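Some notes on the structure that comes next.
The values are calculated or read from the model by the stated rules, or taken from the named source; none is laboratory data. Just so we're clear, the structure is a prediction, and the values are computed from it rather than from any experiment. Every residue, glycine among them, receives a Cβ derived from its backbone with ideal geometry; neighbour counts consider all protein chains shown.
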Ligand code: IVH
């Protein structure tokens, strides 16, 4: 190829690749398949290798591959990188807002915009938990990236930052500013962090404690090839030193402008007025914290109007026009007071750390799970240890790390129990399993209680009003030992129980009696066979249709059921081989537990096979769960969202966006009556 043609072709390819990079890494909205993108990239690289002098640092091929540095250069920030003050409660935020209004009131009384806006307009952003960096662009090209450091000087990490795909090497758009410094946060998304740690664990390497450390560690590498392999993302949150480009006098609009220059900003950013808006934003983002792709430790609230920002100015190292409104910390340090072992429904022994109470994730925590024996051994956690406890959302708090440096001198490793702490039976721990179990089966009171709680639960036999407290009492008083005993309880048995009134006793007996008529899948699920959750119970019920052939099935026959592998097959077969289990099943049938047989897979026509249905809104007669079960019995898959592939949508009361989507896509919609009629026509009455 002629040099002139090469110049043109290289420019064309680069423009295309930049465009697709931006669609993929910044907008999350690729236009072409990965393979086409790869093709463009290969073409560019080939051309560039034919004309090496045409390679420029902003070429997409130059993100990766530089040689390792021998050390970091120091960078002086022309505009210092400040930090933020924190508030921890709405009360503290109200103070912040009041002070800002007072200052603005005093300062700009002459301007009438304050009177037009009695509440401060705020730009509200998530507080990304990563590493603050500065990106310097000259004539539209990235020339330097630096860490925040102490705010006045940082380290030059350009070689690593160039490898982050969401950092533009060259600004998008027609205006090419002579100079622009963009600030923002480098984060490692949670999913990428987990994968990175999994890989590290598999290779016996050290794992990172959290995504922030992983992001920081990646940027502090001298060899850019390491950073290039790390899943890092950059989110812009501000611009300084703009020469040759105008920015709007509003933080919110500045962010939009950064988007047009090719930067990614957080999707959560919102603008609104006053403290009510801020309070709602805080609550909304906090509620969705766990489902966001990256970790955040609060929200940042900024006075939106840049002129007002200037009026408010700074105090020491933080602006008066912005504050971080922090979420409750998800990690805290406390000490282990005891390590105990709980026995679950299936006999699994779970080690639990009893802790000195500590406030974490918004609640006081005094117990945390240690998962299993392997984990106790791996962490070598001991009584007296200082540990880091983590609690996110509604998840059970867990001990994530032992601070070995703070370990008291006289501590000793935990003795893992060889006998069940509840019934004294031997503890079994198969060689390659992390989980140890009590071998006491239904004789172990811990397992009896848990098995019963499971048996009566909503998704199993659904005995309304028979909560854990009653089960505890019924077992402790010796009134029931197994599930079948429930159905022979009389009013005289119940009345002496603590806090049991005449009416509650009647209600409970009625609920127990009502539950006798159930479905085959619910019954199987209620038995609490290890490895048999709701979906497996349904698969078993559909495959065998009736109980007898299931009882007779060996492992091989069980493995013919969709999705049942050797482990679950063995667990099911072992369960049904135990005489005391068969005895309980027989007794349950004797006391009147019944269900309609289902046509077994082999015999059944599956009128909805191959179809995907979606349920939305509330279904008054059936309930969503039952409707789902029944549709699945007819062979349909039931999905959670509407797409072009959806065959039919069932819309109950107050159906929302899914119904709208179905209508948009022209997908058939049934109401509840039509669904009931359809089910009835296939012999599935409600
Ligand atoms: S603005 C003068 N916006 O929080 C304003 N900071 O304690 C300075 N951060 O070092 C920062 N998300 O690492 C701002 N949306 C956001 C942020 C954010 C996270 C971090 C940043 C900074 C620290 C301030």
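Across the stretch 333-349, not a single residue is classified as surrounded by 18 or more Cβ atoms within 10 Å (Cβ to Cβ), at pLDDT below 90, farther than 30 Å from residue 455 by Cα and more than 16 Å from the ligand (Cβ to nearest atom). Checking the stated criteria, residue 299 turns out not to satisfy the condition of being within 31 Å of the chain's Cα centre (by Cα), over 22 Å from residue 242 (Cβ atoms), assigned to a helix (DSSP H, G or I) and within 12 Å of the ligand (Cβ to nearest atom). The requirement of being out of contact with any helix residue (DSSP H, G or I) (no Cβ under 9 Å at 6 or more places or on another chain), within 14 Å of the ligand (Cβ to nearest atom) and under 25 Å from residue 305 (Cβ atoms) is not satisfied by residue 124. I'd like to know if the stretch 189-199 contains one or more residues that are touching a strand residue (DSSP E or B) at 6+ places or on another chain (Cβ under 7 Å) and within 14 Å of the ligand (Cβ to nearest atom). Checked the stretch 189-199: no residue is touching a strand residue (DSSP E or B) at 6+ places or on another chain (Cβ under 7 Å) and within 14 Å of the ligand (Cβ to nearest atom). Within the stretch 383-390, one or more residues are surrounded by fewer than 18 Cβ atoms within 10 Å (Cβ to Cβ), over 30 Å from residue 248 (Cα atoms), in contact with a helix residue (DSSP H, G or I) (Cβ under 6 Å, 6 or more places away or on another chain) and modelled with pLDDT of 90 or more. When restricted to residues that are within 24 Å of the chain's Cα centre (by Cα), more than 17 Å from residue 349 (Cα to Cα) and not in a loop (DSSP other than H, G, I, E, B), the stretch 388-419 contains 5.
Evaluated against (1) in contact (Cβ under 8 Å) with a residue 24 or more places away in the chain; (2) touching a helix residue (DSSP H, G or I) at 6+ places or on another chain (Cβ under 7 Å); (3) more than 30 Å from residue 667 (Cβ to Cβ), residue 558 falls short on exactly one condition, (1).
Close contacts from the stretch 118-140, counting a first residue that is under 14 Å from residue 241 (Cβ atoms) and a second that is within 16 Å of the ligand (Cβ to nearest atom), with Cβ to Cβ under 6 Å and a gap of 6+ residues or different chains, come to 134/146; 134/181; 134/183; 135/145; 135/182; 136/181. The stretch 93-192 holds strands (runs of 3 or more DSSP E) entirely within its bounds, and those carrying 2 or more residues that are at pLDDT 95 or above and either within 27 Å of the chain's Cα centre (by Cα) or surrounded by 14 or more Cβ atoms within 10 Å (Cβ to Cβ) (or both) map to 121-128, 131-138, 141-147, 179-187.
Those residues that are in a loop (DSSP other than H, G, I, E, B) and touching a strand residue (DSSP E or B) at 6+ places or on another chain (Cβ under 8 Å), I need them from the stretch 344-360; list them, please. Hits for the stretch 344-360 are 344, 346, 347.
Listed here are the helices (runs of 4 or more DSSP H) enclosed by the stretch 471-586 that have at least 2 residues being surrounded by fewer than 17 Cβ atoms within 10 Å (Cβ to Cβ): 491-494, 502-515, 534-544, 547-552, 555-558, 566-577.
Scanning the stretch 317-330 for residues that are more than 12 Å from the ligand (Cβ to nearest atom) and surrounded by fewer than 17 Cβ atoms within 10 Å (Cβ to Cβ) returns 328, 329. The set of residues in the stretch 618-670 being out of contact with any strand residue (DSSP E or B) (no Cβ under 8 Å at 6 or more places or on another chain) and at pLDDT 90 or above consists of 643, 644, 660, 661, 664, 665, 666.
Checked against (1) over 30 Å from residue 170 (Cα atoms); (2) under 20 Å from the mean Cα position of the chain (by Cα); (3) at pLDDT below 95, residue 284 meets all criteria but (3). If you go through the stretch 612-647 and pick out every residue that is assigned to a loop (DSSP other than H, G, I, E, B) and within 17 Å of residue 562 (Cβ to Cβ), you end up with 3.
Name the residues in the stretch 610-624 that are loosely packed, with under 12 Cβ neighbours inside 10 Å and more than 20 Å from residue 642 (Cβ to Cβ), would you? Once the filter is applied, which keeps residues that are loosely packed, with under 12 Cβ neighbours inside 10 Å and more than 20 Å from residue 642 (Cβ to Cβ), the stretch 610-624 yields only 620.
Tell me the residue from 302, 326 that is in contact (Cβ under 8 Å) with a residue 60 or more places away in the chain and either in contact with a helix residue (DSSP H, G or I) (Cβ under 6 Å, 6 or more places away or on another chain) or at positive phi (or both), please. Exactly one of 302, 326 is in contact (Cβ under 8 Å) with a residue 60 or more places away in the chain and either in contact with a helix residue (DSSP H, G or I) (Cβ under 6 Å, 6 or more places away or on another chain) or at positive phi (or both), namely 302.
Go through the residues of the stretch 30-42 one by one and say whether even a single one is within 16 Å of the ligand (Cβ to nearest atom), in a helix (DSSP H, G or I) and touching a helix residue (DSSP H, G or I) at 6+ places or on another chain (Cβ under 8 Å). So far as the stretch 30-42 goes, no, none of its residues is within 16 Å of the ligand (Cβ to nearest atom), in a helix (DSSP H, G or I) and touching a helix residue (DSSP H, G or I) at 6+ places or on another chain (Cβ under 8 Å).
For the stretch 212-225, the set of residues classified as in contact (Cβ under 8 Å) with a residue 60 or more places away in the chain, touching a helix residue (DSSP H, G or I) at 6+ places or on another chain (Cβ under 7 Å) and either more than 15 Å from the ligand (Cβ to nearest atom) or assigned to a loop (DSSP other than H, G, I, E, B) (or both) consists of 221, 224, listed by residue number. Considering the stretch 72-92, and only residues there that are away from the ligand (no atom under 16 Å from the Cβ) and not in a loop (DSSP other than H, G, I, E, B), the residue that is nearest to the chain's Cα centre (by Cα) turns out to be 90.
Within the option set 244, 262, 276, being more than 11 Å from the ligand (Cβ to nearest atom), more than 21 Å from residue 84 (Cβ to Cβ) and surrounded by 18 or more Cβ atoms within 10 Å (Cβ to Cβ) holds for one residue only, 262. Which ones in the stretch 139-166 are under 28 Å from residue 37 (Cα atoms) and away from the ligand (no atom under 16 Å from the Cβ)? Of everything in the stretch 139-166, those that are under 28 Å from residue 37 (Cα atoms) and away from the ligand (no atom under 16 Å from the Cβ) turn out to be 139, 140, 141, 142, 143, 144, 158, 159, 160, 162, 163, 165.
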